[in-house]
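The values are calculated or read from the model by the stated rules, or taken from the named source; none is laboratory data. Note that the structure is a prediction, hence the values are computed from the model and not measured. With ideal geometry, Cβ positions are generated from the backbone for all residues, glycine too; neighbour counts draw on all protein chains shown.
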Amino acid sequence: MAPLPKAEASTVRAIYGAYEAQNKPRDGRSISVSTLAEECERKLFYDFRWVSENETPQGRTLRIFESGNIEEDRWVENLRMIGCEVVDRDENGRQIMVEACDGHVRGYLDSEILGLPEAPKTIHVGEMKSHNLKSFTSLLKDGVRIAKPLHYGQLQTYMYRRGRSRGIYLAVCKDDDRLYAERMELDTEYVLRLLARADRIIKSNDPPSKLHEDPEAKMAFACQWCRHRPVCHHNAWSRANCRTCLFASPEGGGSWSCARFHKPLSIDEQQAGCPAHLFLPGLVPGEQIDSDEESETVTYKLANGEIWIDGANDKTVAA
Ligand code: SF4
Ligand code: SF4
């Protein structure tokens, strides 16, 4: 008989529980710069439109995130130890924010660094990441662009939006504390392509194509871990909120408006939605067969053959 697994100690369980209790999963206001280079455009659309429930990471995972933040502080100290000037906060003491695509793309860079031994007079945007042994080994072998394309897109976008021509990717291996640094030049064309793609996703009312049609296929690794898989592949319903409503539109400065009630929408309002909500047709698991502007209804033949009328039971009141 295989040995029975050891029960987790009560102390450990309590600590993980405390992390989980403190964590408040929330919808992202914008597309994060850290996900801009995501391979699946549909995933970015679903994220931006608050289609799926937020994930509730386990305590151990939350502690891993915290370790990453602690490691960033250590990098800053290490860089100062060798005489670099490191700026990791803005004039108000907050993380340095960058925005793009009219405020619908947003991110916070780790640092700007002056005095690196390789190029002492050039300010570099610095991005700091922790890796497990497997990830670190592939980083050493292939470099950031190939081994960590999301991180590459993130650092390139920060460089572009900060007007810096150089960046440095700083990595640590969590298993043995080896350090790695890779300098890079700004690739403006690459960033412009990334931002044009994000802009298209932001302005679209329809989900882009799936990265994989068959989530069980050997190559469909991304789908196996994707939180949108139920909506994307298994006809699950999206959440009802303003971002999934056909009356909502992204506006300038990262804001949103409602064409039904002719008003801007705060984040709280967007999350709440209202009884006049009508799903974006591309999010309904079926085919649109009719619509009636006067009664504000849209009729669908669902994937299971049923006829469903969106808006039929609404009590449309002022939102
Ligand atoms: S399940 Fe796959 S195809 Fe669908 S959004 Fe996720 S990664 Fe993209
Ligand atoms: S307020 Fe109501 S009608 Fe307007 S976008 Fe939100 S859910 Fe749709």
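If the condition is being among the aliphatic types (A, V, I, L, M) and crowded, with 16+ Cβ neighbours inside 10 Å, then segment 278-292 contributes LEU278, LEU280, LEU283, VAL284. Taking the criterion of being away from ligand 1 (no atom under 16 Å from the Cβ), under 19 Å from the mean Cα position of the chain (by Cα) and crowded, with 16+ Cβ neighbours inside 10 Å, the residues of segment 240-253 that qualify are ASN241, CYS242, PRO250.
Listed by first and then second residue, the pairs with beta-carbon distance under 6 Å, at least 6 apart or on different chains, first residue in segment 108-124 and surrounded by 15 or more Cβ atoms within 10 Å (Cβ to Cβ), second assigned to a loop (DSSP other than H, G, I, E, B) and among the charged types (D, E, K, R), are SER111/ASP88; ILE123/ARG164.
Within segment 67-95, residues that are surrounded by 15 or more Cβ atoms within 10 Å (Cβ to Cβ) sit with their Cβ atoms under 7 Å from residues that are at pLDDT below 95, at 6+ positions apart or across chains, in these pairs: GLU72/ASP110; VAL76/ASP88; ASP88/ASP110. Within segment 28-66, the residues that satisfy the criterion of being in a loop (DSSP other than H, G, I, E, B) and surrounded by fewer than 16 Cβ atoms within 10 Å (Cβ to Cβ) are GLY28, ARG29, GLU39, GLU53, ASN54, GLU55, THR56, PRO57, GLN58.
Residues in segment 258-272 that are in a helix (DSSP H, G or I) and either in contact with a Phe, Trp or Tyr (Cβ under 6 Å, 6 or more places away or on another chain) or surrounded by 16 or more Cβ atoms within 10 Å (Cβ to Cβ) (or both): GLU269, GLN270. Scanning segment 236-254 for residues that are in contact with a strand residue (DSSP E or B) (Cβ under 8 Å, 6 or more places away or on another chain) and more than 13 Å from ligand 2 (Cβ to nearest atom) yields one hit, GLY254. Restrict the check to segment 198-209 and report whether at least one residue is within 7 Å of ligand 1 (Cβ to nearest atom), at pLDDT 95 or above and either among the hydroxyl-bearing types (Ser, Thr, Tyr) or under 24 Å from VAL105 (Cβ atoms) (or both). Scanning segment 198-209, I find no residue that is within 7 Å of ligand 1 (Cβ to nearest atom), at pLDDT 95 or above and either among the hydroxyl-bearing types (Ser, Thr, Tyr) or under 24 Å from VAL105 (Cβ atoms) (or both), so the answer is no. Only one of the listed residues (ALA276, ALA222) is over 21 Å from ARG29 (Cα atoms), within 16 Å of ligand 1 (Cβ to nearest atom), touching a residue at least 40 places away in the same chain (Cβ under 8 Å) and among the hydrophobic types (A, V, I, L, M, F, W, C). That residue is ALA222. Among the residues of segment 277-299, is any modelled with pLDDT of 95 or more, of a type in the set (A, V, I, L, M) and within 12 Å of ligand 2 (Cβ to nearest atom)? Checking segment 277-299: at least one residue is modelled with pLDDT of 95 or more, of a type in the set (A, V, I, L, M) and within 12 Å of ligand 2 (Cβ to nearest atom).
Any residue at all in segment 207-217 that's more than 16 Å from ligand 2 (Cβ to nearest atom), loosely packed, with under 15 Cβ neighbours inside 10 Å and of a type in the set (S, T, N, Q)? Within segment 207-217 (the criterion being more than 16 Å from ligand 2 (Cβ to nearest atom), loosely packed, with under 15 Cβ neighbours inside 10 Å and of a type in the set (S, T, N, Q)), the answer is yes, since at least one residue qualifies.
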